[in-house]
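Novice: Provided herewith is a single structure, encoded as structure tokens, for subsequent inquiry.
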Amino acid sequence: MAKKKSVFECQACGYKSSKWMGKCVNCGAWDSFEELSDEQIKISRQIDSSGKKTKASPITQIKEDLVSRFPSGDRELDLVLGGGIVPGSLVLIGGSPGVGKSTLLLKMCANIAKSGKKVLYVSAEESEGQIKIRANRIDANHPNLYLLPEIKLEDILSELSNQKYELLVIDSIQTIFSEEVASAPGTVSQVRTVTFDLMRIAKATKIAVFIIGHITKEGSIAGPRVLEHMVDTVLYFEGESSKDLRILRGFKNRFGSISEVGIFEMTKEGLVSAKDISSKFFSKNRLQAGSAITVVMEGSRPLLLEVQALVSESSYGNPKRSATGFDTNRLTMLLALLEKKLDLPFNQYDVFINIAGGIKITETAADLAVIAAILSSFRNRPLGSETIFLGEVGLTGDIRDIHMLDNRLKEAAMQGFKKAIVPSKPLESAGIKCYKVEEVSKIIDWM
Ligand SMILES: Nc1ncnc2c1ncn2[C@@H]1O[C@H](COP(=O)(O)OP(=O)(O)OP(=O)(O)O)[C@@H](O)[C@H]1O
Ligand SMILES: [Mg+2]
């Protein structure tokens, strides 16, 4: 008789091996291997090859799918989704605990229910009564919105066949389990099986499915990476639960671009699309030494941000550099540059950078503002509250062009700024006075 082949799978990353291992060679997790049952091996093969056999045909003979969309009832969410919800699509929303995932999706469900579609909200984490409290608070009551507190996938699928739903929300994927798989909810095999079944249902019945996913300490969605590969769209909900602003960012989207972000404000009545977002992240009237304003692009939208710096004498031999919302390596580079070009003794000073509002800057266009904030704190001299700083700083100390300069200047002018320090003159006059600086050393002259 042929010997049965065993398959072991890492429960942290999904790596498979024919032998049990104490430490995963793929992700480094300890004691994470579990042996798969025959049933699990069958399912995982099915998922890997995604099932049915079809014949290939020339692309010239293939008719394109018509992608229709319906609005989610929220301007910001529509923007991130690429113009609305696509029937039959699978959307994964990840975010840290308490950031507002359930709030966002419950409100979206209510909006869609109000537009005449039947919606099913499955919650495995909270009771009906708990969700009702939230629904009352954020005004999400409508007879077309159905609640199902359930953790068993088979029961959810049977409820789906009872009524003609057009939208399904799963809160959250880590708490749902399928009877076909023996392991506990949240394990690789469970998450994969449940998502695979949901995807099958979504494609077959054209129900749009939204899945909430918890994120790990490292900030990625808990469970296997395959989850992100399987779904059509992955969105991350960012923001600190202690602050009111939330950013919804596209990470992958098969039906649209991922360059746009959605910006929300958490209020007692739930999340609202942040109106007039550009002025939310700075207060012009209270600008003190160590603050500089810059404009970053979030998708196609310019956003004014306040960069704060604190430079204080270091009491130890090893000066501290720390940045929140800005790349620490880049900060170290900028400080080394200031030391070399301006002969400033930053090796004896601790330097801290913070971007107000809990936003992360991913562009180099804010370099000049960081430098201005550092110098302002070092000299203890406030920068004028009517000035913005734009420009990338190169390793040689030159200040380089940035993209979409005109858009940024226009936004700053609209918010009442009068002066801009820029790497090059804008093509059209933006209603703001521009001073061109080409060298880091010139910024000191200007100050
Ligand atoms: N009465 C209230 N007033 C203002 N804000 C509230 C109120 N109740 C809840 N919130 C906000 O809602 C947040 C919780 O939102 P929600 O439950 O949607 O988050 P979540 O991302 O689903 O969290 P979890 O991961 O725990 O499921 C709280 O952190 C708080 O900011
Ligand atoms: Mg929740």
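Okay, residues lined up against (1) within 16 Å of ligand 2 (Cβ to nearest atom); (2) out of contact with any Lys or Arg (no Cβ under 6 Å at 6 or more places or on another chain); (3) among the charged types (D, E, K, R); (4) assigned to a helix (DSSP H, G or I):
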site: 133; (1), (2), (3), (4): yes, yes, no, yes
site: 136; (1), (2), (3), (4): no, yes, no, yes
site: 142; (1), (2), (3), (4): no, no, no, no
site: 155; (1), (2), (3), (4): no, yes, yes, yes
site: 186; (1), (2), (3), (4): yes, yes, no, no
site: 193; (1), (2), (3), (4): no, yes, no, yes
site: 199; (1), (2), (3), (4): no, yes, no, yes
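Novice: Name the residues in the range 73-97 that are among the small types (Gly, Ala, Ser), within 16 Å of ligand 1 (Cβ to nearest atom) and buried (at least 22 other Cβ atoms within 10 Å of the Cβ), would you? First the steps, then the outcome.
Specialist: First, pick out the residues of the range 73-97 that are among the small types (Gly, Ala, Ser): 73, 82-84, 88-89, 94-96.
From what is left, the residues that are within 16 Å of ligand 1 (Cβ to nearest atom) are 94-96.
Result: 94, 95.
Novice: Does residue 377 qualify as being in the same structural domain as residue 289 (by TED's automatic domain parsing), in a helix (DSSP H, G or I) and not charged (D, E, K, R)?
Specialist: Yes, satisfied.
Table: residues versus (1) touching a strand residue (DSSP E or B) at 6+ places or on another chain (Cβ under 6 Å); (2) surrounded by 15 or more Cβ atoms within 10 Å (Cβ to Cβ); (3) among the acidic types (Asp, Glu).
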position	(1), (2), (3)
388	yes, yes, no
401	no, no, yes
408	yes, yes, no
411	yes, yes, yes
421	yes, yes, no
432	yes, yes, no
437	yes, yes, no
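Novice: Next question, about the same structure. Any chance the range 140-155 includes a residue that's within 23 Å of residue 202 (Cβ to Cβ), surrounded by fewer than 17 Cβ atoms within 10 Å (Cβ to Cβ), more than 28 Å from the chain's Cα centre (by Cα) and hydrophobic (A, V, I, L, M, F, W, C)?
Specialist: no
Novice: Could you please find all residues in the range 161-187 being farther than 30 Å from residue 34 by Cβ and in contact (Cβ under 8 Å) with a residue 40 or more places away in the chain?
Specialist: 163, 164, 165, 166, 167
Novice: Could you list, in sequence order, the residues of the range 388-418 that are more than 25 Å from residue 331 (Cβ to Cβ) and outside any helix (DSSP H, G or I)?
Specialist: 415, 416, 418
Novice: Considering the range 95-119 alone, what residues qualify as being touching a Gly at 6+ places or on another chain (Cβ under 8 Å) and of a type in the set (Lys, Arg)?
Specialist: Hits for the range 95-119 are 101, 107, 114.
Novice: Additional query: Of everything in the range 228-273, what is within 14 Å of the chain's Cα centre (by Cα), crowded, with 16+ Cβ neighbours inside 10 Å and over 23 Å from residue 110 (Cα atoms)? Give them in sequence order.
Specialist: 228, 239, 253, 258, 260
Novice: Same structure again: Out of the range 97-126, which residues are of a type in the set (Val, Ile, Thr) and either within 13 Å of ligand 2 (Cβ to nearest atom) or in a helix (DSSP H, G or I) (or both)? Explain how you work it out, then say what you get.
Specialist: Looking only at the range 97-126, we keep the residues that are of a type in the set (Val, Ile, Thr), and these are 99, 103, 112, 119, 122.
Correct list: 99, 103, 112, 122.
Novice: Do we find that residue 192 is of a type in the set (Lys, Arg) and within 15 Å of ligand 1 (Cβ to nearest atom) in this structure?
Specialist: no
Novice: Looking only at residues that are modelled with pLDDT under 90 and crowded, with 19+ Cβ neighbours inside 10 Å in the range 279-296, which one is nearest to residue 383 (Cα to Cα)?
Specialist: 287
Novice: Search the range 383-402 for residues being of a type in the set (A, V, I, L, M) and in contact with an Asp or Glu (Cβ under 8 Å, 6 or more places away or on another chain), and hand back the single one that is nearest to residue 363 (Cα to Cα).
Specialist: 402
Novice: Hand me the list of strands (runs of 3 or more DSSP E) wholly inside the range 261-334 holding 3 or more residues that are under 30 Å from residue 103 (Cα atoms).
Specialist: Of the strands (runs of 3 or more DSSP E) lying wholly inside the range 261-334, those with at least 3 residues that are under 30 Å from residue 103 (Cα atoms) span 261-267, 270-273, 291-298, 301-313.
Novice: Looking only at the range 227-257, filter to residues that are of a type in the set (Lys, Arg) and in a strand (DSSP E or B); which one of those is farthest from residue 12 (Cα to Cα)?
Specialist: It comes out as 246.
Novice: Additional query: Based on what the data block shows, is residue 166 away from ligand 2 (no atom under 13 Å from the Cβ), more than 26 Å from residue 12 (Cβ to Cβ), buried (at least 20 other Cβ atoms within 10 Å of the Cβ) and among the charged types (D, E, K, R)?
Specialist: When the stated conditions are applied, residue 166 passes them.
The values are calculated or read from the model by the stated rules, or taken from the named source; none is laboratory data. Not measured: the values here are computed from a predicted model. Glycine gets a Cβ as well: all are built from the backbone with ideal geometry, and neighbour counts include every protein chain shown.
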